[in-house]
Structure formats: C-alpha cells, structure tokens
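The structure appears right after this line, and notes come after that.
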Amino acid sequence: MRRKTKLIHGGISEDPATGAVSFPIYQVSTYKQEGVGGHKGFEYSRTGNPTRHALEELIKDIEGGTAGFAFGSGMAAITAVIMLFNSGDHVILTDDVYGGTYRVMTKVLNRFGIESTFVDTSNIENIKSQIRPNTKAIYLETPTNPLLKVTDIEAASRLAKEHNLLTIVDNTFSTPYWQNPIELGADIVLHSATKYIGGHSDVVAGLVVVNSDQLAQDLHFIQNSTGGVLGPQDSWLLIRGIKTLGIRMEETEANTKAIVEFLQGHPKVKKVYYPGLETHPNHDIAKKQARGFGGMVSFDVGSAEIADQVLSKIKYFTLAESLGAVESLISVPARMTHASIPADRRAELGISDGLIRISVGLEDVQDLIEDLTQALE
Ligand SMILES: *Cc1c(COP(=O)(O)O)cnc(C)c1O
C-alpha cells in the first residue's frame with residue numbers, strides 16, 4: 001500500500017461489527033463480560049477503546065512500527081515516553097526542543113530523578129560528548145522550532161545503538177507523510193497530533209509509535225497506569241484528519257515553496273530559515289531523510305518594530321501559537337513561544353526580536369503573498 005492509500009485504508013478503516021465506512025465513535029467507558037474475564041478485547045476504556053484502538057492501529061501503520069498509542073495531548077505522550085526511564089537515568093535532548101518538553105524535563109520529571117542535557121543535536125559530535133554511563137536515550141526534535149535546525153536521525157540512531165540507548169524522535173513538524181524516523185533507525189516516534197495530524201485547530205492530542213513488542217508492552221503499561229488517554233471523540237477527529245494528511249501536506253509544501261521564494265526576494269527580509277533552501281546549513285540531511293520540507297518558515301525582518309508592523313497589518317495569517325492547521329498562522333517567537341527563554345540565551349540561539357515564524361496554511365497562495373506584500377510595505 002502506498003502512503004496516500006495507507007492514510008485512508010491503513011489501520012482498521014471500517015467497523016467490523018456494522019461495516020460503517022467511517023469508524024464509529026464508541027462513546028463508552030466499560031464493556032459487558034460474558035463471564036469473569038470473558039470480554040471481546042475491551043474491558044474498560046482507559047485500558048482500551050475501539051475508536052482509540054482504530055486510531056492507534058492507523059498511526060502504527062503509517063509510521064511503520066509495532067504499536068501505536070494515543071494520548072490526551074502531545075505533552076501527555078512525551079511524559080509517558082519519558083516514564084519508560086527510572087530515577088537516576090539521563091536523557092540527551094535537542095537544545096531547542098518544544099518549550100513544553102524543556103519544561104517537563106527540567107521542572108517536573110527532574111523531581112523524579114530523571115536527568116537531562118540539552119545540546120545542538122544537528123552536530124552528532126555534540127551528542128557523543130554528552131553520553132554518560134547512566135544515559136538511556138537520545139531525544140531528537142527535527143526540524144526544530146523556530147530556526148528549523150535538522151538532525152541526522154540515521155546517524156543519531158546509529159550512535160545510540162552503539163551505546164545501547166533508545167532514540168526518540170518528535171516528528172510533529174515533518175509529519176509521518178514526509179518523514180518516518182523508525183525507518184531511519186529510531187525506536188520511538190511521537191507527535192503533537194494537535195498540529196498537522198489533526199490539522200484543523202479543533203483537537204489537542206498526542207500519538208506515539210514504538211518499534212518493538214517490549215516497548216509496546218512497557219508503554220501500554222504506562223498508558224494504562226497513568227491514564228492520560230485520548231477520548232473516543234477526539235480519536236475519531238484524528239482518524240478523519242489523517243485521511244487528508246497527504247493532500248494537505250502536498251498543498252502546504254507548494255504554498256510554502258512559493259512563499260519562501262517571495263520572502264527571499266523581499267528587500268525588508270534579512271534572512272529566511274527553511275530546510276528546503278540549499279543555503280540552509282542542514283539542507284542535505286533534510287533532503288536525505290524527509291520527502292518534503294514542511295510548512296514552517298521563519299524570517300528575520302531586523303527589528304521588533306518592523307515585526308510589530310507586519311503583525312498589525314497582516315490579514316490572512318492569524319496571530320496565534322500552534323501550527324499545522326488549514327489556517328495560516330503567524331507568531332513572534334521572542335515574545336510568544338520562546339518568551340520564557342532569557343534574552344541572552346535567545347540571542348545565542350539566533351531567536352532575534354525581528355524573527356517572525358509562519359505556519360503556512362491552505363489558503364490561495366496568491367492571497368497569502370499579497371497579504372505579506374502589503375504587511376511588509
Ligand atoms: C505543540 C508541540 C508539542 C506539545 O503538544 P501539545 O499537543 O500541545 O501538548 C510537542 N512538540 C512539538 C514539536 C509541538 O509543536
């Protein structure tokens with residue numbers, strides 16, 4: 001089955017009980033048992049729910065792993081994955097990971113003795129130099145936010161295997177349509193399905209896929225024990241979103257390419273960050289490991305004043321955090337998503353006050369370009 005077909009026919013694409021072509025929303029908490037323990041595969045919906053199960057089978061198929069898991073948010077998914085480790089274990093993470101990931105590692109999970117080190121993983125040597133006897137995993141986010149740095153997943157996974165570590169990849173920005181970390185050697189891939197997978201700004205969810213039966217068993221134990229599961233209604237919304245993931249990502253790619261070309265030719269734009277540009281420092285790796293470059297672009301207009309002007313004049317780009325929806329979104333990382341990072345650290349990372357991040361949506365690209373033109377005037 002090819003990729004676009006799998007999005008529609010992968011997993012459990014129809015209800016075996018009724019033949020319903022849209023998998024039903026099993027809005028149910030418990031299941032009748034014919035005798036003690038005599039159930040039909042489901043006993044209580046925290047442990048398993050048919051609609052969630054259909055989604056979990058689908059994401060497993062499209063990421064190419066052995067089992068899938070659906071959680072109530074991306075952060076619940078990430079937290080459950082890190083709970084695979086024990087007090088005293090150490091994880092090496094990408095330095096510009098999603099802010100919530102940084103927060104949960106350094107303000108919550110650290111209290112349970114899980115240690116973390118953040119490095120620029122786009123240089124594999126940086127990871128290597130931080131491996132300690134108690135290191136258990138390499139956690140990558142690629143491409144990153146907002147500077148779209150790319151880590152070589154295959155090289156990082158190889159290094160991890162040499163040292164008996166797990167490789168975990170946050171694949172939110174690329175989506176399983178463009179990038180499949182398990183095929184590149186990763187052990188666990190996870191998503192904030194709130195973004196492209198849901199795709200319509202109407203659901204908060206997280207998904208995980210693992211590559212072994214042991215990890216599947218361990219993660220199911222954690223999912224069932226800690227209970228951060230996704231409800232049936234939201235599971236259904238994700239199944240529905242995944243059906244159009246392919247065409248949405250293809251269209252996003254085309255729109256983004258046109259916008260990147262426009263931004264590059266604009267005199268007020270000092271710098272454009274996009275892995276699809278040949279001048280991007282990690283372009284070759286991005287091209288090797290992903291089939292598309294995605295819809296996230298950052299560009300520097302030189303000052304907070306000009307950034308504010310753009311934000312006040314822009315019409316079709318909604319000023320909002322988040323990404324990956326049908327609507328184009330715009331944000332200023334230094335004062336929004338990355339405001340909690342100290343100014344000097346932001347400067348070090350290259351997140352300047354004039355940096356604008358856009359998530360390109362599915363509007364007519366001519367409207368988007370005209371809108372950016374008038375906003376930059
Ligand atoms: C949004 C996001 C998360 C967190 O997901 P939620 O669904 O908001 O909990 C994690 N990683 C990345 C890359 C994200 O963009």
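Values quoted throughout were computed directly from the atomic coordinates according to the rules given, and no laboratory measurement underlies them. These numbers were taken from a predicted model, which means no experiment stands behind them. Note that each Cβ is placed from the backbone with ideal geometry, even for glycine, and that neighbours are counted across all protein chains shown.
Just to confirm my numbers, what's the Cα centroid distance between segment 1-20 and segment 285-344 in Å? Spelled out, the Cα-based centre of one part sits 35 Å from the other.
Take the Cβ-Cβ distance between GLU250 and LEU311 as r, set R0 to 35 Å, and report the resulting FRET efficiency rounded to the nearest 0.05. Don't jump to the answer; show the numbers that get you there.
Values: r = 29 Å, r/R0 = 0.82.
After rounding to 0.05, the efficiency reads 0.75.
In this Cβ point-charge picture (+1 for Lys and Arg, -1 for Asp and Glu), the chain has a dipole of about 460 debye about its Cα centre. For segment 3-243, the convex hull spanned by the alpha carbon atoms encloses 121 Å³ per residue. Against the chain, whose longest principal axis is taken from its Cα atoms, helix 245-264 shows a tilt of about 10°.
Calculated over segment 146-244, the projected area of the Cα convex hull averaged across directions stands at 7.4 nm². The separation of segment 137-172 from segment 71-122, counted between C-alpha centres, amounts to 13 Å. Above 13 Å, the calculated P(r) of segment 184-227 contains 62 percent of its Cα-Cα pairs.
Taking each DSSP H run with n ≥ 4 as -39500 (n - 2.57) and averaging over every residue of the chain yields -10500 deg cm²/dmol at 222 nm. The Cα atoms of segment 247-376 cover 38, 33, 28 Å along the three principal axes, with the biggest extent listed first.
Working from Cα pairs under 8 Å separated by at least six residues, relative contact order for segment 247-376 is 30 percent. State the percent of C-alpha pairs, over all pairs in segment 20-137, separated by a distance greater than 18 angstrom. Of all Cα-Cα pairs in segment 20-137, 65 percent lie more than 18 Å apart.
If R0 is 51 Å, the Cβ-Cβ spacing of SER303 and ASP89 corresponds to a FRET efficiency of close to 0.70.
In this rough spin-label picture, where each label sits 7 Å from Cα along the Cβ direction, the ALA320-GLN366 distance is 2.6 nm.
Within segment 133-203, the percentage of alpha carbon pairs spaced more than 13 angstrom apart rounds to 64%.
Rounded to the nearest 5, what is the percent of antiparallel bridges among the DSSP beta bridges in the chain? Write out the running numbers ahead of the final one.
Working: 23 of 42 bridges.
Taking every DSSP beta bridge within the chain, about 55 percent pair in antiparallel fashion.
One compactness figure for segment 77-192 is 0.95, namely its Cα radius of gyration divided by 2.2 N^0.38 Å.
For GLU261 and GLN214, what does the FRET efficiency come to when R0 = 51 Å and r is the distance between their Cβ atoms, rounded to the nearest 0.05?
Numbers: r = 47 Å, r/R0 = 0.92.
With R0 = 51 Å, the Cβ-Cβ based efficiency is 0.60.
Looking at segment 136-207 alone, DSSP beta bridges between its own residues are antiparallel in about 20 percent of cases. Its alpha carbons give segment 77-120 an Rg and a Dmax of 9.5, 25 Å.
Explain nothing, just the number: relative contact order of the chain, from Cα pairs under 8 Å at least 6 residues apart, as a whole percent. Before the final figure, lay out the partial values.
Numbers: 760 pairs, mean separation 62.6, N = 377.
Dividing the mean separation by the residue count of the chain yields 17 percent.
Ratio of Rg to Rh for segment 5-79, alpha carbon only, Kirkwood? Please report the intermediate quantities before stating the final value.
Details: Rg = 13.6 Å, Rh = 13.7 Å.
Rg/Rh for segment 5-79 comes to 1.00.
Each residue of segment 308-317 is assigned a 3J(HN,Hα), and the resulting list reads 5, 4, 4, 5, 6, 9, 5, 10, 8, 8 Hz, derived from the Karplus form 6.51 cos²θ - 1.76 cosθ + 1.60 (θ = phi - 60°), x at Gly and Pro. Its residue count N sets the reference 2.2 N^0.38 Å, and the alpha-carbon radius of gyration of segment 50-112 equals 1.30 times that reference.
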